Amino acid sequence: MASQEDTTIDLMLSEAIKTSAIEGEYLDRESARSSLLSILVTPDTLPDNSDQKVAGAALLLVDVCQNWQTPLTRELLGKWQSMAVSEQRYTSILRGAYRNDPSPMQIVSGSYGCEKIYCEAPLAIQVPDEMAISIDCYNLTSPLNKDKKHPEIARAGIARLWFDEVIHRFDDDNGRVGRAITDHALSQSLGYPTTACLTTAIEADKKIYYLSLEKASRGGLDVNVWLDYFADTIIKAQEIAREEMGFG
């Protein structure tokens, strides 16, 4: 039986691969594992001669685990987005900065030719103020503030919905950074870095995931359906991790 340390690395590896798969990218497992192990030995350093896409995914995962006690800031979110968006993939995408295109940011669903707009994010000029308010709220409601008592699963779920779907703060990779924020929030709730396989649980049925986000993003932002889905998925994620760790 693999050691607990090896199993934890495998859980992190699975999350990195599944997170990229949700965004339509498929990482080589051995390359991702090599990058992950290298980064764990030498934090904040991309492995030499590595696939930047693979290394960026691994670096983001490790950085979230190491910074779970750190309050969210504009700089930290920009750092995570820069890790997610490798320089090799896009040259025109802003890395580490909020979007600045004056055109409306529309979130669409549906296949090509049958797209449907279900949410329009704030204009780029509104994003810095919207983000400043949201980041302050997130940090003030942290379980690390001992005098603050808030439903912790709801806090994580609302942060995921708000940062990822409603504000849509970056040109690209809002999804990956949104999942990083979720892990950050859940780790603060637990008091240690989460090993729950949330992305693995989401990826098992992406259709329900997107449908739940879509319902919450429409109209009056009724988050009940989304939070029901999110809470159920957290339970599934914990069950996956427990089985992988050999506790099932």
In region 169-215, anything touching a Cys at 6+ places or on another chain (Cβ under 8 Å) and at pLDDT below 85 is listed as Glu214
What number of residues in region 136-161 are assigned to a helix (DSSP H, G or I) and either surrounded by fewer than 20 Cβ atoms within 10 Å (Cβ to Cβ) or basic (Lys, Arg) (or both)? 9
For Phe230, the lone unmet condition from (1) modelled with pLDDT under 90; (2) crowded, with 22+ Cβ neighbours inside 10 Å; (3) of a type outside the set (D, E, K, R); (4) over 21 Å from Pro71 (Cβ atoms) is (1)
With the checklist (1) under 14 Å from the mean Cα position of the chain (by Cα); (2) assigned to a loop (DSSP other than H, G, I, E, B); (3) over 23 Å from Asp63 (Cβ atoms) in hand, flag the one item Asp222 doesn't pass. (1)
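Listed here are the residues, each with its yes/no results for (1) at pLDDT 70 or above; (2) part of a helix (DSSP H, G or I); (3) in contact with a Gly (Cβ under 9 Å, 6 or more places away or on another chain); (4) crowded, with 19+ Cβ neighbours inside 10 Å.
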residue	(1), (2), (3), (4)
Leu40	yes, yes, no, no
Asn49	no, no, no, no
Pro71	yes, no, no, no
Ser111	no, no, no, no
Ile117	no, no, no, no
Residue pairs, Cβ under 9 Å, 6 or more apart or interchain, first in region 124-136 and among the β-branched types (Val, Ile, Thr), second in a helix (DSSP H, G or I) and surrounded by fewer than 18 Cβ atoms within 10 Å (Cβ to Cβ). List them. Ile135/Arg74
With the requirement that a residue be more than 14 Å from Gly56 (Cβ to Cβ), at pLDDT 70 or above and hydroxyl-bearing (Ser, Thr, Tyr), what does region 9-31 give you? Ser14
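The values are calculated or read from the model by the stated rules, or taken from the named source; none is laboratory data. Since this is a predicted model, take the numbers as computed values, not measurements. Methodologically, a virtual Cβ is constructed for each residue, glycine included, from the backbone with ideal geometry; neighbour enumeration extends over all protein chains shown.
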